[in-house]
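What follows is calculated from the coordinates using simple rules that are stated; it is not laboratory data. In this text the structure is predicted, and so the values were computed from the model without any measurement. Every residue, glycine among them, receives a Cβ derived from its backbone with ideal geometry; neighbour counts consider all protein chains shown.
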Amino acid sequence: QVQLVESGGGPVQAGVSLRLSCEASGRTDSTYTIGWFRQAPGKDRVFLAAFNWNGGSTYYSDSVKGRFIISGDNAENTVYLQMNSLKPEDTAVYYCAARPGSIRTTLALYPYWGQGTQVTVSS
């Protein structure tokens with residue numbers, strides 16, 4: 001079993017940066033991938049970025065590439081999502097999720113999920 005806890009969300013003004021954290025515990029090892037997703041009001045949950053502990057490989061959706069940065073701290077067992085130049089359309093509940101194996105963008109392939117953290121960007 002894997003437990004994930006997100007933190008770092010909150011209300012912010014457009015244009016600022018915010019860093020979300022996803023702390024993992026339980027049965028995680030270097031083969032695991034941690035993904036970040038978000039769900040805006042009335043919309044489906046979508047993939048944003050993913051980090052694989054084996055070599056630190058990353059992958060981004062086109063919607064956030066160049067603006068969001070995903071990274072991992074092995075000592076803290078934590079994956080971060082640095083979000084820059086935030087826009088009102090970034091308002092959503094942000095979730096991290098874990099899966100054994102390589103990076104995938106499909107939600108259903110992630111069996112473990114955190115509870116989510118709200119990010120609200122005002123103009």
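Below is a table of values for the structure above.
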item: Around Ser21: net Lys/Arg minus Asp/Glu count, Cβ-Cβ under 13 Å; result: -3
item: Relative compactness, region 4-45, computed as alpha-carbon Rg over 2.2 N^0.38 Å; result: 1.49
item: Percentage of interatomic Cα-Cα distances in region 1-72 larger than 19 Å; result: 42
item: Sorted largest first, extent of region 7-123 alpha carbons per principal axis (Å); result: 40, 28, 24
item: Linear extension gain, Thr31 paired with Gln13, 0.36 nm per residue minus alpha-carbon span; result: 2.8 nm
item: Projected label distance in nm at Thr58 and Asn74, using a 7 Å step from Cα toward the beta-carbon; result: 1.7
item: Sequence-distant residues sharing a close amide H with Ala49 (under 5 Å, placed H); result: Trp36, Ser61
